[in-house]
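*Asks:* Let me begin by handing over the structure; questions about it come next.
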Amino acid sequence: MATLGQDLERTSGETAWTVLDAANDLGDSMTVDACRRVIDADLRGETPARSDVAVLTAFFA
C-alpha cells in the first residue's frame with residue numbers, strides 16, 4: 001500500500017513534465033527550474049521540496 005507522500009511524489013513528477021513543456025514554451029525560467037528540481041527528486045526517489053511543488057501547482061492556477 002502506497003503512502004500519501006509517495007502518491008504526491010509520483011503525481012508531482014508526472015505533473016512536472018507537463019508544466020515543464022508549457023513553461024519552456026512561455027520562457028518561464030523560474031518554473032522551468034522548479035520543474036527540473038521536482039523531476040530530479042522524483043528520479044532519485046525523494047520527495048520534492050514543497051516550494052517547488054507550490055510553483056508547479058500555481059502555474060495553471
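The values are calculated or read from the model by the stated rules, or taken from the named source; none is laboratory data. Note that the coordinates shown come from a computational prediction; the quantities given were computed from them, not determined experimentally. Cβ placement follows ideal geometry from the backbone for every residue including glycine, while neighbour counts extend to all protein chains displayed. Protein only, heavy atoms only, side chains kept; ligands, DNA and RNA dropped before computing areas. Shrake-Rupley method; radii C 1.70, N 1.55, O 1.52, S 1.80 Å.
*Asks:* Quick check, is residue 41 surrounded by 14 or more Cβ atoms within 10 Å (Cβ to Cβ) and modelled with pLDDT of 95 or more?
*Replies:* Judged against the criteria, residue 41 is not a match.
*Asks:* Looking at region 30-53, which of its residues are in a helix (DSSP H, G or I) and of a type in the set (Asp, Glu)?
*Replies:* 33, 40, 42, 52 - these are the residues of region 30-53 that are in a helix (DSSP H, G or I) and of a type in the set (Asp, Glu).
*Asks:* Which condition breaks for residue 10 when tested against (1) out of contact with any Cys (no Cβ under 9 Å at 6 or more places or on another chain); (2) open to solvent by 60 Å² or more (accessible area, probe 1.4 Å); (3) at pLDDT 90 or above?
*Replies:* It fails just one condition, (3).
*Asks:* Could you check how many residues of region 16-38 are closer than 13 Å to residue 60 by Cα and either crowded, with 19+ Cβ neighbours inside 10 Å or more than 12 Å from the chain's Cα centre (by Cα) (or both)?
*Replies:* Final tally of qualifying residues: 8.
*Asks:* Hey, another quick one. Cβ contacts < 7 Å: first residue on the phi < 0 side of the Ramachandran plot, restricted to region 1-23; second residue modelled with pLDDT of 50 or more and open to solvent by 80 Å² or more (accessible area, probe 1.4 Å), any location; separation 6+ or different chain. Result?
*Replies:* 5/47; 9/47
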